[in-house]
Structure formats: C-alpha cells, structure tokens
Amino acid sequence: MRPSKKDELVRKALNVFYRHGFHASGMDLVAKETGVSKTAIYNHFRTKDDLILAVIKLRDEEFRAWMVSRIETYGETPEERLLAVFDAHAEWFAQKGFFGCLFIKACAEFQDPAHPVHQQSCAHQAQGIAYYRSLAVAAGFADPDEIARTIWFLAQGAIVAAVMAAIDNPAASARVAAAKMLACAERRSV
C-alpha cells in the first residue's frame with residue numbers, strides 16, 4: 001500500500017531536520033527539500049512544531065525497532081544484549097548519513113521541559129532505559145535500575161563522541177566500560 005502524502009512529507013522532513021537541525025530548518029527549506037509547498041505542509045500540520053512532533057514520533061518508532069532488532073541479533077542472552085547495545089551503536093555510527101541522535105538534538109534545541117518536543121524526546125530516552133532495565137532484570141542483576149542507567153549513560157556518551165569524532169571507535173570503548181561494570185555488578189540471590 002502506498003504511503004499517504006502526509007507520511008511521505010513526515011519521512012522527508014525527518015531527513016531535513018536530522019541533517020540541518022530543527023531551528024535551522026525554516027519552513028522554506030523544508031518545502032524546498034521535501035518538494036512539498038508550504039501551503040500543502042500547513043494543510044497537514046497546523047504549525048512547524050506539529051510537523052516536528054510527527055517527525056520525532058516516526059523516528060522513535062523506526063529507530064527503536066531497528067535498535068532492538070540489532071541488539072537481539074548481536075546478543076543471545078540478556079547480559080549479552082546489554083553489551084550488544086554498543087555493537088548496534090557501532091553499526092549505526094558507521095552508516096552513511098549518521099548525524100547523531102535526533103532526540104539529543106531535539107532536547108538541546110527545545111530546552112523547556114514543558115515543550116512537547118522536549119517531552120517526546122525524553123520519552124524516547126526513557127523507553128530505552130526501560131528496555132535496558134528489562135534486560136538487567138532478566139540477567140539477574142541486583143540493581144537493574146543502576147545497570148540500565150549506566151548502559152544508557154555510556155551509550156549517550158558514545159553517540160556524542162561519535163558525532164564529535166572525539167575518539168576512535170567510541171562504541172567499542174563504551175562496550176569495554178560496560179563489560180567491566182557488568183563483571184563487578186552484584187547479582188540477585190537465588
């Protein structure tokens with residue numbers, strides 16, 4: 001089934017915002033790069049922020065599904081999957097057109113915690129932490145919240161380092177740190 005014009009617009013706008021940023025991408029640029037007139041865009045979305053929210057939602061659904069799929073491919077057990085987070089990140093960083101995390105960018109550009117774009121971006125991150133927590137519970141760690149937060153911190157740091165080209169292979173470095181942390185982490189009593 002052919003995607004609707006609105007869906008196509010959101011997908012094309014995602015590419016524009018991901019490459020250029022939200023505030024730097026005026027509606028003239030969005031119209032030019034998507035091939036959709038501003039009038040048509042505003043027929044689908046009342047405001048630019050409404051379009052951005054649709055973009056964030058699409059990226060959340062697609063990226064989360066991709067990331068979980070890759071993690072499950074790289075790791076068989078829950079503990080292996082906690083480390084596979086970084087294998088999936090390394091794969092992502094190597095992709096042509098990697099420009100960092102759209103959700104980090106959104107929170108940086110929409111800093112008001114009450115703004116819907118900020119909230120939706122934070123919700124994406126919270127779902128990631130919840131997924132890591134479920135893996136930590138399944139792996140039998142005594143403090144799955146701490147494990148999940150640490151995996152998340154390391155992943156976020158690797159993303160920033162990859163964008164900045166601060167170090168070679170930041171995902172591998174984060175994986176090493178995560179493996180050391182998991183090796184020292186307490187397990188639940190059985």
Odd one out for Lys32 among (1) under 22 Å from the mean Cα position of the chain (by Cα); (2) at pLDDT 95 or above: (1)
Filtered residues of the range 105-118 (kept if surrounded by 17 or more Cβ atoms within 10 Å (Cβ to Cβ) and in a helix (DSSP H, G or I)): Lys105, Ala106, Cys107, Glu109, Val117, His118
Whichever residue in the range 67-104 is within 10 Å of the chain's Cα centre (by Cα) and under 17 Å from Leu14 (Cα atoms) and, among such residues, is surrounded by the fewest Cβ atoms within 10 Å (Cβ to Cβ): Gly100
Set Arg188, Arg133: member being open to solvent by 80 Å² or more (accessible area, probe 1.4 Å) and touching a Pro at 6+ places or on another chain (Cβ under 6 Å): Arg133
All positions within the range 14-30 that are part of a helix (DSSP H, G or I), of a type outside the set (Asp, Glu) and surrounded by fewer than 19 Cβ atoms within 10 Å (Cβ to Cβ): Asn15, Arg19, His20, Met27, Leu29
Of all residues in the range 56-103 being part of a helix (DSSP H, G or I) and of a type in the set (Ser, Thr, Tyr), the one that is nearest to Asp7 (Cα to Cα): Ser69
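The values are calculated or read from the model by the stated rules, or taken from the named source; none is laboratory data. Keep in mind that what you see is a predicted model, and the values were worked out from it rather than measured. Backbone-built Cβ (ideal geometry, glycine too); neighbour counts: all protein chains shown. Each accessible area value is taken on the protein alone, full model and side chains, heavy atoms only, with ligands, DNA and RNA left out. Shrake-Rupley method; radii C 1.70, N 1.55, O 1.52, S 1.80 Å.
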